[in-house]
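Here the structure is laid out as structure tokens; the discussion comes afterwards.
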Amino acid sequence: MAEKLLAHALAAQDSPLREIDVISGGVSAMNGQHASINSVKALATVRLDLSSHRSKQVTAQMINNSLAVFCMTESHRRILREFFPETRTPLHLFREFMPPPADRQISDPYGMSLENYVQCRDSMVEAIPSLVDFIRRLDIKGFE
């Protein structure tokens with residue numbers, strides 16, 4: 001859901017933000033799995049189609065070819081630091097740039113009800129403006 005939501009938000013921005021590719025990779029994902037039905041439903045209610053999404057396990061190449069990485073939880077960030085200690089790519093939390101007292105972590109709703117997925121989606125949506133502002137301040141031209 002995060003990939004689709006952030007990509008949608010960036011597509012509405014001026015260049016060079018609209019040209020940024022957003023990809024997702026999971027720390028415990030298996031390659032090629034469909035998005036959960038509740039993820040598809042939660043995004044469909046905001047007119048985003050996740051039905052063709054397939055999971056990818058995060059790789060060193062994905063991280064090293066990225067401008068930044070946004071994790072859902074502190075444990076995800078810790079796992080990435082342990083698996084890929086050589087990376088210089090900044091690892092942030094998806095909600096890290098929101099003003100206090102916002103909760104910085106987004107719990108994984110895997111296996112839970114549609115309501116939990118909608119809450120997760122809304123938590124991501126709430127963070128999108130602060131993420132876009134952060135990305136706007138990055139040296140995108142220096143990255144190309």
Considering region 8-27, residues that are in a loop (DSSP other than H, G, I, E, B) and among the acidic types (Asp, Glu), and then whichever is farthest from Glu115 (Cα to Cα), we arrive at Asp14
Selection from region 28-39 of residues touching a His at 6+ places or on another chain (Cβ under 9 Å), part of a helix (DSSP H, G or I) and not hydroxyl-bearing (Ser, Thr, Tyr) yields none
If you take the residues of region 15-49 that are among the aliphatic types (A, V, I, L, M) and under 18 Å from Cys71 (Cβ atoms), which of them is surrounded by the fewest Cβ atoms within 10 Å (Cβ to Cβ)?
-> Ile23
Quick check: is even one residue across region 115-130 in contact (Cβ under 8 Å) with a residue 40 or more places away in the chain, more than 16 Å from the chain's Cα centre (by Cα) and closer than 27 Å to Ala42 by Cβ?
-> yes
Under 7 Å between Cβ atoms, at least 6 apart or on separate chains: pull out the pairs that start in region 33-44 with a residue that is under 9 Å from Met1 (Cα atoms) and end on any residue that is among the aromatic types (Phe, Trp, Tyr).
-> Ser39/Tyr117; Ala42/Tyr117
Answer residue from region 40-89, given it is basic (Lys, Arg) and in a helix (DSSP H, G or I) and is nearest to Ser113 (Cα to Cα) among those = Lys41
Give region 109-137 a look and list any residue that's in a loop (DSSP other than H, G, I, E, B) and loosely packed, with under 15 Cβ neighbours inside 10 Å, or say none.
-> Tyr110, Gly111, Met112, Ser113
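Coordinate-derived values only; no laboratory data. Note that this is a predicted model, so its numbers are computed, not measured. FYI the Cβ positions are ideal-geometry reconstructions off the backbone, even for glycines, and counts take in every protein chain you see.
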